[in-house]
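Enquirer: Once you've had a glance at the structure underneath, I'll fire off some questions.
The values are calculated or read from the model by the stated rules, or taken from the named source; none is laboratory data. Fair warning: this is a prediction, and the values are worked out from it, not measured in the lab. Cβ sites come from the backbone with ideal geometry, for glycine too, and all protein chains shown count toward neighbours. Note: accessible area is taken over every heavy atom of the protein model, side chains too, but ligands, DNA and RNA are not part of it. Shrake-Rupley method; radii C 1.70, N 1.55, O 1.52, S 1.80 Å.
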Amino acid sequence: MGCGGCRVRFNFGKVLSKASVFFTMVLIFTYFFYCLTGLCDSAPRTLYSQKAADGGYDNLDERSQVLVDLRPPPPLHPGAQLHNRTAYPDAPQVDAEEQLQQYEQGSEKEANIIPVSNTYGTKRLPNAIIIGVKKGGTRALLEFLRIHPDVRAFGAEPHFFDRFYDRGLEWYRNLMPRTLDGQITMEKTPSYFVTKEAPSRVCTMNCQTKLIVVVRDPVTRAVSDYTQTLTKNPGLPSFQSLALKNSSTGLVDTTWSAVRIGLYAKHLENWLQYFPLSHFLFVSGERLVSDPAGEMGRVQDFLGLKRVISEKHFYFNQTKGFPCLKKPEGSSRPRCLGKSKGRPHPQIPSEVLQRLRDFYRPFNQRFYQMSGQDFGWD
């Protein structure tokens, strides 16, 4: 009996030893599994966010771009008001406010789709801003720039310096995508160029900010502006009744924003009070269509970027009438701007168009002198 008890105690000790080894292995396995899971959990989020923000996804609409670029900003502080809602009266004012409500509230569905954290990089205020002009080609320029690996751009128009300035620079910073060292943070809001308060506000943020202005023949631009508004408001009066104060006298109505925006020289004078000419790049909207690679070369040089975007990225879409980006590697189709771009323009009486050309001619000549570029609109 005594020896049998010894054997039982001896076997029980061996069992304890084996159990100890087993639990040790389980703990080691759990530790490594936890570490590996943490790494795998963070990497796809970063890659997803980086690819989307760099324009790697096909045919993203404005809302999708917002969701990719943005993490919800801090709530609006009590008493803050939307600033200068009338600075751009013919623009669809509700769009920016609705976008910002989406930013701040967000739906449960969106929260499940968009990663909630991205710990790579830092949110910075923009180094460069596309400040104008409406219907000049700013959306095309932004989408082309997003190809560049050293450019991170906010997809929507934040309208910070014209409508939402009261929300503060930290709120604005929080809208921006995260960037790594050496990358450029950008945004575009075409109404900045025609907003009186915008130059001083941008300079308050950073007087070294690089400013890009996409300009287009002001007559063609006005017709395009009218066409966009007409699609949203079919009951709009005729172009000629809005452009001319009186059809018999032929006086141009400069209070209509579609006309006023095309006075590039007057708007530039306002900006030159705060920024030297060397801080501006004037991009031709016409050449952005006829020679996108050439214009993008100038833009990359201005931003101090290596020339990555070239002819190989573009093809001309005959149906739309403007260049599109060739399909990215791993994508099923090329990337073109949405249906809202390239709309057919209504027929405008030739005498009305000629009256506008005569009206704009001295302003154009002044703009050529100020910018040092002849855009050939006359």
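Enquirer: Under the rule a/c < 1.5 gives rounded, and otherwise a/b versus b/c splits prolate from oblate, where does region 176-277 land using the Cα gyration tensor?
Expert: On the way: a/c = 3.21, a/b = 1.90, b/c = 1.69.
Prolate, because a/c is 1.5 or more and a/b exceeds b/c.
Enquirer: Right, here's the next one. Roughly speaking, what is the centre-to-centre gap between region 280-319 and region 139-217 when only Cα atoms are used, to the nearest Å?
Expert: Going from one Cα centre to the other spans 19 Å.
Enquirer: Ordered by packing density, taken as the mean number of other Cβ atoms within 10 Å over each peptide's residues, highest first, how do 212-224, 270-282 rank?
Expert: Details: 212-224: 23.4, 270-282: 15.4.
Per-residue Cβ counts within 10 Å, averaged per peptide and sorted highest first, yield 212-224, 270-282.
Enquirer: If ligands, DNA and RNA are left out, what is the accessible area of TYR226 with a 1.4 Å probe, given in Å² to the nearest 10?
Expert: Answer for TYR226: close to 10 Å² accessible.
Enquirer: Could you order peptides 195-201, 155-161, 310-316, 182-188 by the average number of other Cβ atoms within 10 Å of their residues, highest first?
Expert: Numbers: 195-201: 18.3, 155-161: 25.9, 310-316: 14.1, 182-188: 20.4.
Per-residue Cβ counts within 10 Å, averaged per peptide and sorted highest first, yield 155-161, 182-188, 195-201, 310-316.
Enquirer: Going by the alpha-carbon gyration tensor, a ≥ b ≥ c the square roots of its eigenvalues, is region 134-198 rounded (a/c under 1.5) or, if a/c is not under 1.5, prolate (a/b greater than b/c) versus oblate? Numbers along the way, then the final one.
Expert: Details: a/c = 2.66, a/b = 1.21, b/c = 2.19.
It comes out oblate by the Cα gyration axes.
Enquirer: So which of LYS135/LYS210; LYS245/LYS266; LYS196/LYS326; LYS210/LYS245; LYS232/LYS312 end up more than 28 Å apart by C-alpha?
Expert: Working: LYS135/LYS210 21 Å; LYS245/LYS266 21 Å; LYS196/LYS326 39 Å; LYS210/LYS245 38 Å; LYS232/LYS312 36 Å.
Violating the 28 Å limit, Cα to Cα: LYS196/LYS326; LYS210/LYS245; LYS232/LYS312.
Enquirer: What is the spin-label model distance, in nm, from ASN174 to LEU277 if the labels are put 7 Å beyond Cα along the C-beta direction?
Expert: Result for the modelled spin labels: 4.2 nm.
Enquirer: Quickly work out the GLN365-to-ASN317 label distance, labels modelled 7 Å from Cα along the C-beta direction, and quote it in nm with one decimal.
Expert: Taking the simple label geometry, ASN317 and GLN365 are separated by 3.9 nm.
Enquirer: I would also like to ask the following. Please give the solvent-accessible surface of GLU170 in Å², to the nearest 10, using a probe radius of 1.4 Å with every protein chain present.
Expert: 110 Å²
Enquirer: If I take R0 = 22 Å and measure r between the Cβ atoms of ASN233 and HIS345 in this structure, what FRET efficiency does the formula 1/(1 + (r/R0)^6) give, to the nearest 0.05?
Expert: Numbers: r = 16 Å, r/R0 = 0.73.
Computed FRET efficiency for ASN233 and HIS345 comes out at 0.85.
Enquirer: If each residue of separation counts as 0.36 nm, what is the full-extension length gain between THR254 and LYS326 once their alpha-carbon separation is subtracted?
Expert: Computed gain between THR254 and LYS326 is 21.9 nm.
Enquirer: Could you pull out every residue, at least 5 positions away or on a different chain, whose amide H is within less than 5 Å of the one on LEU244? Hs are placed 1.01 Å off N in the peptide plane, and Pro or chain starts have none.
Expert: ASP253
Enquirer: Over region 133-233, what is the mean sequence separation of C-alpha contacts under 8 Å (at least six apart), divided by residue count, expressed as relative contact order in percent? Mind dumping the intermediate values first?
Expert: Working: 87 pairs, mean separation 37.7, N = 101.
Relative contact order here is 37 percent.
Enquirer: Taking H placed 1.01 Å from N in the peptide plane, check which residues at least 5 places from ILE212 or on another chain put their amide H under 5 Å from its amide H.
Expert: Correct list: ILE129, ILE130, ILE131, LEU281.
Enquirer: Under a crude label model (7 Å from the Cα following the beta-carbon direction), how far is SER241 from SER310 in nanometres?
Expert: Going by the 7 Å Cα→Cβ label model, 5.4 nm.
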